[in-house]
Amino acid sequence: MAAEESQYLLGYPASDAYQRVQNKKLYLATFAAVLGPLSFGFVLGYSSPVIPELRKINDPTLRLDSNQASWFGSVVTLGAAAGGILGGYLVDKVGRKLSLMLCSIPYVSGYVVIISAQNVWMLYFGRILTGLASGITSLVVPVYISEISHTKVRGMLGSCVQLMVVTGILGAYIAGITLKWHWLAVLCSFPPCIMLLLMSFMPETPRFLLNQNKHAEAIASLQFLRGPYVDHEWECRQIKANVEEENSRMASVVVGAVQVCFTAVAALIIDKTGRKVLLYISGIIMAVSTALFGLYFKMVLQHGNNSSNADLCFTLNTVSPGTENSLSWLAVVSLGLFVAGFALGWGPVPWLVMSEIFPLKARGISSGVCVLTNWVMAFLVTKEFHDLIALMSYGTFWLFSAFCCLSVTFTAFYVPETKGQTLEQIEAHFRRS
């Protein structure tokens, strides 16, 4: 090994620690994991093209009426709620890797039950099984990715989770144009099978292994994920010493569980309350929560105006127990409110409205433009967040709050209520407009 590499392995500051890292196998492990969210997306999108077909099917034992169709679409969220609870247990008991491998079983089993269904109740049961797997996936995958990633790519890789969910939804819509409901179920079962195969070759997360006192296995995992030219012992020491990072992992579990629960609530009540009501409630909750976040950071950073931009950015990203302990409840409440509010409305509803308001001939292209716009905006917010913090300090969160208020105003004037309307009626509405 060259002398410069030997010097590097002695352990440099955190800012230099990952300059020689090799990311190829890390990206491979992330790809294997995000096949879970892709499967989740297929589950969510499966009902949209399938329900119209099942409502016209010749077999009377499988034909769905309006009430049964609504149950077929929404019962998956009950399974997801249970999966969120089960995932919270599995992720710490059997590990992140094995949890992801195990959730392939209810995914595939659910589709097998749907394909072989002899009555409507078997269709429901199949949907509950795929929902159960989806709930586990939505909790475990973000934890797995965050724990195998290093700081330079964690944000980018973590954002792939939601990207793969909406990709799966769009994929189910597109495939449903040409495939019958049986064959669409077969297609949807492929991603979890591939995930099971690939994850069997991927490592467990170093953090979980160290928590189980498996130091040698943790080193081997880091060697796989980082390559040979970084100081694996240094990173192990960092993981062991950083108790706050452990509390970030628990926050991920809580956030995932809250998201699953409130998304399930939204799915169950959306046809009774309407789309606009949920968007109003969601936008108001997000506006209040981001305003509270701004208030929290203003109170914590009492001397923020005298700090340099770099120091302020560092402080906002490394808030730790200390003088702000008495205010930590405000940050927790703000985070919980935002996650719950987003999951209740602005998370799931736009994707539903998007599938309803576009005319059939333009649905694929228009939906693709919406997905592209969504993720370009997500990229810009993620990319420019630190610059905004440096420029506006805690005012950044108040800016976000203002945009949430604008979303409520936009909903009031421009978003149509599609509850109880057929797609043809919605299309006629826009033609008249």
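The values are calculated or read from the model by the stated rules, or taken from the named source; none is laboratory data. What you see is a predicted model, and the numbers here were worked out from it, not measured in a lab. Quick reminder, even Gly has a Cβ in these numbers, built from the backbone with ideal geometry, and neighbours come from all protein chains shown.
Search segment 141-159 for residues being hydrophobic (A, V, I, L, M, F, W, C) and modelled with pLDDT under 80, and hand back the single one that is surrounded by the most Cβ atoms within 10 Å (Cβ to Cβ).
The initial filter retains those residues of segment 141-159 that are hydrophobic (A, V, I, L, M, F, W, C), namely 141, 143, 145, 148, 153, 156-157.
Restricting the remaining residues to those that are modelled with pLDDT under 80 gives 153, 156.
Numbers: Val153: 16, Met156: 13.
Checking each candidate, the answer is Val153.
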Out of Phe208, Phe201, sole residue that is out of contact with any Lys or Arg (no Cβ under 9 Å at 6 or more places or on another chain), assigned by TED's automatic domain parsing to the domain that holds Leu98, among the aromatic types (Phe, Trp, Tyr) and more than 20 Å from Tyr111 (Cα to Cα): Phe201
Qualifying positions in segment 190-230 - closer than 30 Å to Ala175 by Cα, surrounded by fewer than 18 Cβ atoms within 10 Å (Cβ to Cβ) and of a type in the set (A, V, I, L, M): Ile194, Leu197, Leu198
Considering each of Ser393, Ser355 in turn, give the residue that is surrounded by 18 or more Cβ atoms within 10 Å (Cβ to Cβ) and modelled with pLDDT under 70. Ser355
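Rundown of residues vs (1) within 23 Å of Leu344 (Cβ to Cβ); (2) of a type outside the set (S, T, N, Q); (3) at pLDDT 85 or above; (4) in contact with a Pro (Cβ under 6 Å, 6 or more places away or on another chain), yes/no style:
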| site | (1), (2), (3), (4) |
| --- | --- |
| Ser15 | no, no, no, no |
| Tyr27 | no, yes, yes, no |
| Arg55 | no, yes, yes, no |
| Ser70 | yes, no, no, no |
| Gly88 | yes, yes, no, no |
| Lys97 | no, yes, yes, no |
